[in-house]
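These notes are about the structure you will find just below.
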Amino acid sequence: MTIVLALASALVYGTADFLGGLASRRVAAVVVTLVSQGAGLVSLLVVLPIAHGDGLVGADLAWGAAGGMAGAIALVCFYWALAAGTMSVVAPLTAVVSAVVPVVTGLALGERPSAWALVGVALALPAIALIARETAGSHRRATRKVLLAAFVAGAGFGFFFVALARTSGDTGVWPLVAARAASISLLAVVVAVSGHRPAAARPALAMILTAGVLDTTANALYLAAASRGLLSLVAVIAALYPASTVVLARVVLGERVQRWQLGGFALAAVAVTLVAASS
């Protein structure tokens with residue numbers, strides 16, 4: 001069940017990213033992020049009466065808020081890096097770092113997966129890089145600033161995985177509410193400084209709202225998986241989210257799946273099989 005939940009979170013994360021990416025072609029990315037996060041918060045408040053767990057716990061709220069802030073900073077850095085650098089470098093670097101951070105953290109906290117599970121993790125990391133890698137859309141160089149931004153984005157996403165996993169698992173969706181409230185507060189400041197307006201989201205509002213609800217659903221699935229299994233295994237499975245984005249781009253937009261991405265899918269399948277068999 002742990003691996004199923006982690007895989008489900010990856011599937012939904014990737015779908016949300018696909019819709020958010022489409023919306024960002026028509027609306028400023030920071031506006032898309034703010035509005036989608038708002039939609040996610042509303043969806044959480046709707047289910048809160050039946051998914052409140054044991055109620056408010058200060059430590060869980062703190063971990064949730066810290067993760068939300070890190071996630072918001074990561075999104076800003078990620079979008080800037082994609083705009084300023086080469087996507088074929090930025091996307092895989094961010095994806096791999098987002099997986100490495102929770103794996104290293106889990107091992108440092110004393111987790112000891114089986115040998116076969118560790119082999120699966122080792123295969124999953126290059127699989128993530130291959131799946132996330134795209135054909136360069138320009139001849140722009142990946143400067144040090146771009147690489148740094150991509151690294152910070154990956155670290156932020158990775159810390160978000162860690163923060164949710166550090167919650168007790170007994171407080172329902174409260175950690176996610178704290179995460180959304182914190183990220184919205186930060187993004188609202190960014191939007192105000194940048195001069196964009198949330199009203200600009202109207203041309204792609206349906207996609208943005210759906211992306212927000214799906215992203216929150218993915219967070220809930222990941223939270224459920226992390227409360228049942230090892231962080232070093234659950235997070236690396238959830239980090240396979242670029243796979244569903246690539247598949248949707250192929251099915252919906254007719255984009256070509258590159259050979260290296262097919263190789264990444266094959267590696268990912270072997271990695272998930274090894275992790276699941278050893279769980």
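Computed from the coordinates by the stated procedures, all read-outs in this text should not be read as laboratory data. Not measured: the values here are computed from a predicted model. Counting neighbours? That spans all protein chains shown, and the Cβs are built from the backbone with ideal geometry, glycine included.
For the reader, a short list of remarks on this structure follows.
- Positive-end extreme of charge dipole, the chain - chosen from 118, 260, 239 (charges on Cβ): 260
- In this Cβ point-charge picture (+1 for Lys and Arg, -1 for Asp and Glu), the chain has a dipole of about 880 debye about its Cα centre.
- Taking each residue as 0.36 nm, the span from residue 189 to residue 206 lengthens on full extension beyond its C-alpha to C-alpha distance by 3.8 nm.
- Quotient of Cα Rg and 2.2 N^0.38 Å for the chain, N being how many residues it contains: 0.94
- Mean Kyte hydropathy of 0.0 or more with a Cα span along the axis of at least 24 Å, helices from DSSP in the chain: 2-23, 29-47, 58-84, 87-108, 115-132, 144-165, 174-194, 205-226, 259-277
- Given their separation in residues at 0.36 nm each and the Cα-Cα distance between them, residue 62 and residue 148 gain 28.3 nm when the chain is fully extended.
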